[in-house]
1. Hey, among the residues in the range 124-137 that are open to solvent by less than 70 Å² (accessible area, probe 1.4 Å) and part of a strand (DSSP E or B), which one's farthest from the ligand (Cβ to nearest atom)?
2. Here is a check on your reading of the model: is E48 out of contact with any strand residue (DSSP E or B) (no Cβ under 7 Å at 6 or more places or on another chain), part of a loop (DSSP other than H, G, I, E, B) and either under 29 Å from G191 (Cβ atoms) or of a type outside the set (V, I, T) (or both)?
3. Yes or no: the range 153-160 includes at least one residue that is surrounded by fewer than 22 Cβ atoms within 10 Å (Cβ to Cβ) and more than 16 Å from the chain's Cα centre (by Cα).
4. Quickly run through the range 1-36 and pick out the residues that are open to solvent by less than 50 Å² (accessible area, probe 1.4 Å), under 27 Å from the mean Cα position of the chain (by Cα) and under 16 Å from L62 (Cβ atoms).
5. I'd like to know if the range 81-98 contains one or more residues that are within 13 Å of the ligand (Cβ to nearest atom), open to solvent by 30 Å² or more (accessible area, probe 1.4 Å), in a helix (DSSP H, G or I) and in contact with a strand residue (DSSP E or B) (Cβ under 9 Å, 6 or more places away or on another chain).
6. Show the residue pairs meeting these rules: Cβ distance below 8 Å; 6+ apart or different chains; first residue within the range 140-161 and part of a loop (DSSP other than H, G, I, E, B); second residue away from the ligand (no atom under 16 Å from the Cβ) and among the small types (G, A, S).
7. Answer yes or no: is there a residue in the range 328-350 that is open to solvent by 10 Å² or more (accessible area, probe 1.4 Å) and over 22 Å from G108 (Cα atoms).
8. Can you find a residue that is in a helix (DSSP H, G or I) and of a type in the set (A, V, I, L, M, F, W, C) anywhere in the range 200-209?
Amino acid sequence: MDDEWICGRLGEDEPWLLGAVNPPVFENSIFAFETAEELGAALKDEDERYVYWRGTNPTVDLAQRKLAALERAERAKCFASGMGAIAATISSLVSAGDHVLVLGAVYGPTTQFLRYLEKFGVTHTHVGDLAGADSAINETTRLLYFESPSYMRYELFDIPAVTAWARSRGLVTVMDNTWATPLFQKPVTMGVDLVLHSLSKYIGGHSDLVGGVVCGPAALVRPIARTEYMLYGAAMSPHDAAKVVKGLRTLPVRMAAHQERALAVAAFLAGHPGVRGVNHPGLPSHPGHELARRQLRGFSGLFSFELDTDDRGAVAEFLDRLRHFRVAVSWGGFESLVNAPALTTEESVRATMGIPVGLIRLSVGLEPAEALIEDLALALKGLRRLA
Ligand SMILES: Cc1ncc(COP(=O)(O)O)c(C=O)c1O
C-alpha cells in the first residue's frame, strides 16, 4: 500500500461511511448498549470498543489507522497534543527507580517532563552519542529516547545503529519523528519500538490543530491506550481527528513543496556572507548529509542557521525586518515562521544548551521561495549595516 493511498483513502471505504467523500465526524461522547451486560463487556475492552470519547471514537480511529499504516506500525493512539503522547508514552515505560537515556537534543518540554518525573524517582541522563550512552547506561536504564534530526541543531543519528545498540542492551527505543513526518522517515523499519509525532505541525499542516500520536506494536501501544490515555485524559477530540484526516490528504504535496522551498532558502543562506552556518541536513555541507541520504526520503521545511553576529540587538533587528516570516512558536503550517532562541530563552539556559546568540530557526512555509529569499536578503543587508 503506498503512502498516497494511505493518506487519501485508507479506511474511507467502510460501509458505515456511506460513501461520503469527506468522512463525517462522530461527535457523540457516548455510545449506548442494549443491556448492562453488554456495556460491562465493552468496558473490559474500552481501548477497542466504542463506549466513551475519552477512550475511543470512530473518527479518531480513522486517523489512527492511517497514521499506523504510514509509520508501518501495528497500532497508533492519538492524543490531545504531542506532549500528551510523549508524557503518556514515557510514563507507561518507566517505574520508580528506573533510568532513561536521552540521545542528542530533544524538544524542551520533553526534557522538562523527564525532570518532572524525578519526583517519582525516575532519573535521566543526556548523552551526545552512543559512546556517551555506553558510559551512562546502568542496570536501571529502561529506555532510550531521541529525535533525528535533533532539536534546533538538526544533527542526525544513525537510527539502525542506535536501535541495534539499544536492543542488545534490552532497552525500549522511543523516537520523536515529527520533523520528517512519516512520509520522509519510517523509524519502525529501522528498529525503533515507539514513534511519536506532534500532529500540530506538518500533519495538521494549517496551524489550526494541536494533537499527538504514538505508533508501535500493539503490545506496547495497548497498555498506553488502556492506562495512561484513559487516566491522564489527554484524549483527542473527533473534530481534531477530522482535521488530521484532512491534513493527511494534502500531506504528500505539501511536504514536496516545503522541501523544495526550504532547500532553496537554505542554499541561499549558506552562500551569504552574513551567515556563519546553516543546519539543514539536505545541504551537502551538512555533516549528516550522507546518513540523510540513507535514512530519510526527503527533508522538511524546518532548519536553523547562525547569523554572523553575537549581538542580541542585531538579532532582534533582523527579526523585525522580516515581512514574510512571522515571529511565533511551533512550525509546519502554511505560513513561514521565524524564532530566535537567544531572545526567547533565559540566558543561563541558552548558554548551558550551547545555543549561539545568532541562532535563528526558520519554518519555511508554502509561500514562493523567491519572496522568502528576497525577504531574508533585505533583512541581512540591514544586519550587515549594523555590524
Ligand atoms: C519536535 C517536537 N515534538 C513534540 C512537540 C510537542 O507537540 P505539541 O505542541 O503538539 O504538544 C513539539 C512542539 O513544538 C515539537 O517541536
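1. Initially, the range 124-137 is screened for residues open to solvent by less than 70 Å² (accessible area, probe 1.4 Å), giving 124-125, 127-128, 130-133, 136-137.
Then drop every residue that is not part of a strand (DSSP E or B), which leaves 124-125, 127.
Values: H124: 17, T125: 20, V127: 18 Å.
Here the residue is T125.
2. Taking the combined requirement at face value, the residue satisfies it.
3. The answer is yes, given that some residue of the range 153-160 is surrounded by fewer than 22 Cβ atoms within 10 Å (Cβ to Cβ) and more than 16 Å from the chain's Cα centre (by Cα).
4. Within the range 1-36, I6, C7, G8, L10, G11, E12, P23 qualify.
5. yes
6. Qualifying pairs under 8 Å: T140/G97; P149/G288; Y154/G288; E155/G288; L156/G288; L156/A292.
7. yes
8. no
The values are calculated or read from the model by the stated rules, or taken from the named source; none is laboratory data. The shown structure was predicted, so the numbers you read here are calculated from the model rather than taken from an experiment. As a convention, Cβ positions derive from the backbone with ideal geometry for all residues, glycine included, and neighbour counts pool all protein chains shown. Note: areas computed on protein heavy atoms with side chains; ligands, DNA, RNA excluded. Shrake-Rupley method; radii C 1.70, N 1.55, O 1.52, S 1.80 Å.
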